1. Is it the case that some residue within region 195-205 is under 30 Å from residue 16 (Cβ atoms), touching a helix residue (DSSP H, G or I) at 6+ places or on another chain (Cβ under 9 Å) and at pLDDT below 90?
2. Quick one: which residue in 10, 82 is modelled with pLDDT of 95 or more, buried (at least 19 other Cβ atoms within 10 Å of the Cβ) and part of a helix (DSSP H, G or I)?
3. Testing residue 47 on (1) within 17 Å of the chain's Cα centre (by Cα); (2) not in a helix (DSSP H, G or I), one condition comes back false. Which one is that?
4. Considering only region 38-62, state which residues are surrounded by fewer than 21 Cβ atoms within 10 Å (Cβ to Cβ) and within 24 Å of residue 109 (Cα to Cα).
5. Test of understanding: among 171, 162, which residue is modelled with pLDDT of 95 or more and assigned to a strand (DSSP E or B)?
6. Looking at this structure, is residue 103 touching a strand residue (DSSP E or B) at 6+ places or on another chain (Cβ under 9 Å) and either modelled with pLDDT under 95 or on the phi < 0 side of the Ramachandran plot (or both)?
7. Would you mind stating whether residue 128 is at pLDDT below 95, under 18 Å from residue 197 (Cα atoms) and touching a helix residue (DSSP H, G or I) at 6+ places or on another chain (Cβ under 9 Å)?
């Protein structure tokens, strides 16, 4: 079987009502445009998300379903999805439906027009549809991150991204790493580009994060990523 060019990786935890419409939108955005697969990773949901996914497989041949034996978090779900993916390029989406799959072709077009050294195309929610407190907390966190990491990325928290699978798997892995992909890809010696994308209101389910737990984890992670950047050493390699 010829592997797909693109794998769409979607981590989910308790998102049963958001799964069918999002899968349908991914299929509508990509079928006929590019050879693709959809890799959902269920992070030990307590609702029937897994059963909903399994029932959809009969209707959507591109759909694959992974299940965590123990709950492990979003970064681990993304990484396990990427490891299992067969495409050379990966698109990620949050499972809550706030990212618009119709933006994936826009990211693919940006990739096709970009120099080869650009290996990550990050979504940028220019009209974010979240509560005022979330938007304020995000601006505060993005400002601190930008000063510490100098990653020239206005929105690292956006779930829709496009990147090369091999580059991602060569990055250092840690919990919450998905929030620092631009800085980590730049540390690896590649360029990143931010692409304006649509953002939508959550229509079902509840958010799995609050401002306090994001802040507490983020401070520790920022220090760790800054340390990784200072300790990075890169050189070209020649075979002789």
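The values are calculated or read from the model by the stated rules, or taken from the named source; none is laboratory data. Since the structure is predicted, the reported quantities are computational estimates derived from the model, not experimental observations. Cβ: placed from backbone, ideal geometry, glycine included. Neighbour counts: every protein chain shown.
1. Checked region 195-205: at least one residue is under 30 Å from residue 16 (Cβ atoms), touching a helix residue (DSSP H, G or I) at 6+ places or on another chain (Cβ under 9 Å) and at pLDDT below 90.
2. Numbers: 10 fails: part of a helix (DSSP H, G or I).
Just one listed residue meets the conditions, 82.
3. That leaves (1) as the condition not met.
4. Initially, region 38-62 is screened for residues surrounded by fewer than 21 Cβ atoms within 10 Å (Cβ to Cβ), giving 44, 46-48, 50-51, 54-62.
Residue satisfying the conditions is 62 alone.
5. On the way: 171 fails: assigned to a strand (DSSP E or B).
Of the residues listed, the single one that is modelled with pLDDT of 95 or more and assigned to a strand (DSSP E or B) is 162.
6. Working: touching a strand residue (DSSP E or B) at 6+ places or on another chain (Cβ under 9 Å): yes; either modelled with pLDDT under 95 or on the phi < 0 side of the Ramachandran plot (or both): yes.
Yes, satisfied.
7. Values: at pLDDT below 95: yes; under 18 Å from residue 197 (Cα atoms): yes; touching a helix residue (DSSP H, G or I) at 6+ places or on another chain (Cβ under 9 Å): yes.
Yes, satisfied.
Yes or no, residue by residue, for (1) more than 10 Å from the chain's Cα centre (by Cα); (2) buried (at least 21 other Cβ atoms within 10 Å of the Cβ); (3) assigned to a helix (DSSP H, G or I):
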{"position": "75", "(1), (2), (3)": "no, no, yes"}
{"position": "86", "(1), (2), (3)": "yes, no, no"}
{"position": "90", "(1), (2), (3)": "no, yes, no"}
{"position": "105", "(1), (2), (3)": "yes, no, yes"}
{"position": "110", "(1), (2), (3)": "yes, no, yes"}
{"position": "119", "(1), (2), (3)": "yes, yes, no"}
{"position": "127", "(1), (2), (3)": "yes, no, no"}
